[in-house]
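Data first, discussion second: the structure below is written as structure tokens.
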Amino acid sequence: MKDLILKDASFSYPGDFLAVDNINIKIKGGENIAIIGQNGAGKTTTVKMMNGLLKPTKGDVLIGNLNTKDYTTAQISRYVGYVFQNPDDQIFHSTVESEIAFGPKMMKLTEAEVKKRVDNALKLTNLTKEREENPYNLPLSIRKFVTIAAVIAMDTEILIFDEPTAGQDEVGNERLSNILKTLHLQNKTVITISHDMEFVVNNFENIIVMAKKKVVKSGTPKEIFWDFETLEKANLKQPIVSDICRSLKLNNSVVHMDDAVNQIIKEINNS
Amino acid sequence: MDYELECKDVTYTYPLAQKPAIKELNLKIEKGKLYGVIGENGSGKTTLCSILRGFAPSFYKGDLTGEILVQGKALASYKDQISRKIGYVFQNPFTQISGIKNTVFEEVAYGLENFGIDVEEIEKKVINIMQLTDIMELAEKSPFELSGGQMQRVALASVIVLEPEILIIDEPTSQLDPQSTESVFKIIKKLKEEKKTIILVEHKVDLLAEYSDEMIVLHDSKIIKQGESREVLSDLSLREYGIRLPEVTLLSEKLREAGLDIDQLPITKNQILDLIEKKRKGE
């Protein structure tokens, strides 16, 4: 399993617009990690450097011992799959099935292998029913799953999901959660950008926080969501149950609902 | 009494679709209220918005039966003037951006230009709205250089600036960070205080619980529940329809399961803090 390392990495868009400023990140192979932070902090630029869509203008991005600067984006896409923030940037086939099959076909896999991968991806993303549909006849939130399935079918070691929780309902979030769990069991490295703090707390053990083009903190949900300076810097908020416990001046490490229930009941019984 | 918007037995089917996207819709929207619209994906939320604005069927075509009234008059009778009456913020901000303007400032001004308003007046209004939506620093950027979240705020600004009486807003915060999301809700609250009527589709039910007056719940193309926010969002049976309830409601339910005597479940932070305070005092 390949570690993913960003070493003193910066990226400037043409016109000298600095989007990511000298960041250092190490993600171990098989890790399931969330990236959170303010809009415009450089999250999407950072993950686009991870899959070689963008090459750092300073510093290095290493996938195992491969430096992305020495490879084309197409070569890197064999190791790192990327699900775009906007699914419409990614979809260009007229059926869900052909959209998902496109990547494996480009890898010149056998027809049987392509079919197997498409079937697996459809099953994992719960899209089997939509197989023959035109993706553009599906709601935006479901189109997002089509793009996730397309990347899963590539069977890369590392997968990046850019805001998959945006616009998802309860069922969609559960579906995402199951996908993350399955990929984790398959020892995939999964990097997910999200603004849904409850989803992050319930699905990730490690979090990277970005603000103003830099990484400002990495840590567990408890370390992140009770560090008010970091939250303020990165335009974040505590999960609601943590916020309620804070208002009640309870234990300063609650991030999960069950812990909050225990703390509140104890507090009421003691008063 | 004339409602701001009223639907009478509206059923709408998209072209070539096998079944209606909205069925037997009856709805009365009152002036100055904020209505939260929730429902699982594909339940008809965006179609409902399109119908209320007239995009369905005028733009999307398809078949619509029933009656839609805007301030007592048939929606169709407003023709092009409907865009002055009802502002619409699309779910996908990329859809909203005109694509023909070079800067964010010009983009926000575009609608007003089309209305034939004085340049000085346009500038004044645009600056005012850009400050309100906190996008002043993006003024000289190309709309296509923006992050998803920034584009979402530009899309919202470009509609608010037109000062419509009714606003239909489809998931305005899906790509925003938590504090920016809260600030969009504060802007919406301010619009409500100006007596605007707002219909807001959102998945962030905790914020809807804090800010909405009423909720409309859709399932399978129909309204299954409508009413005052606390009554709707404390209804645990909605989970059977894939509806997310506020974290506060879920926390309260777990407290009830753990033995606390709770009558109506709280849906907002203040409501649950009040409840816990009373329990602490043994009330």
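The values are calculated or read from the model by the stated rules, or taken from the named source; none is laboratory data. Fair warning: this is a prediction, and the values are worked out from it, not measured in the lab. We place every Cβ from the backbone using ideal geometry, glycine too, and count neighbours over all the protein chains shown.
Miscellaneous remarks
- Selection status of A:S94, surrounded by fewer than 19 Cβ atoms within 10 Å (Cβ to Cβ) and outside any helix (DSSP H, G or I): yes
- Region B:230-256: number of residues that are surrounded by fewer than 19 Cβ atoms within 10 Å (Cβ to Cβ), modelled with pLDDT under 95 and facing another protein chain (nearest Cβ under 9 Å): 2
- Some residue of region A:226-249 being away from every other protein chain (no Cβ under 14 Å), touching a residue at least 12 places away in the same chain (Cβ under 8 Å) and either assigned to a loop (DSSP other than H, G, I, E, B) or more than 18 Å from the chain's Cα centre (by Cα) (or both): yes
- Criterion applied to A:G15, A:G52, A:G30 was being in a loop (DSSP other than H, G, I, E, B) and under 18 Å from A:I207 (Cα atoms), and the one residue passing it is A:G30.
- For B:S252, the conditions (1) of a type in the set (S, T, Y); (2) under 30 Å from A:A211 (Cα atoms); (3) out of contact with any Asp or Glu (no Cβ under 7 Å at 6 or more places or on another chain) are fulfilled apart from (2).
- Of all residue pairs spaced 6 or more apart or on separate chains, those with beta-carbon atoms under 7 Å, a first member in region A:54-65 that is assigned by TED's automatic domain parsing to the domain that holds A:I27 and among the hydroxyl-bearing types (S, T, Y) and a second member that is part of a strand (DSSP E or B) and surrounded by fewer than 17 Cβ atoms within 10 Å (Cβ to Cβ) are A:T57/A:S12.
- In region B:148-188, residue farthest from the other protein chains (Cβ to nearest Cβ) [restricted to those that are without any contact (Cβ under 8 Å) to a residue 60 or more places away in the chain and of a type in the set (A, V, I, L, M, F, W, C)]: B:V161
- Only one of B:E137, B:E145, B:E193 that is away from chain A (no Cβ under 14 Å), farther than 21 Å from B:L25 by Cβ and free of Cβ contacts under 8 Å to residues at least 24 places away in the same chain: B:E193
- On inspection, B:S221 fails the criterion of being over 29 Å from A:N39 (Cα atoms), within 11 Å of chain A (Cβ to nearest Cβ) and polar (S, T, N, Q).
- Exclusive hit being closer than 15 Å to B:V89 by Cα and either of a type outside the set (F, W, Y) or out of contact with any strand residue (DSSP E or B) (no Cβ under 8 Å at 6 or more places or on another chain) (or both), set B:L200, B:L207, B:L218: B:L200
- Single residue of A:K26, A:K48, A:K7 found to be within 19 Å of A:F84 (Cβ to Cβ) and among the charged types (D, E, K, R): A:K48
- All positions within region A:1-48 that are under 21 Å from A:K181 (Cβ atoms), surrounded by fewer than 20 Cβ atoms within 10 Å (Cβ to Cβ) and touching a Lys or Arg at 6+ places or on another chain (Cβ under 6 Å): A:G29
- Matching residues in region A:238-266 - criterion: being within 19 Å of B:T249 (Cα to Cα) and among the charged types (D, E, K, R): A:D243, A:R246, A:D258, A:D259
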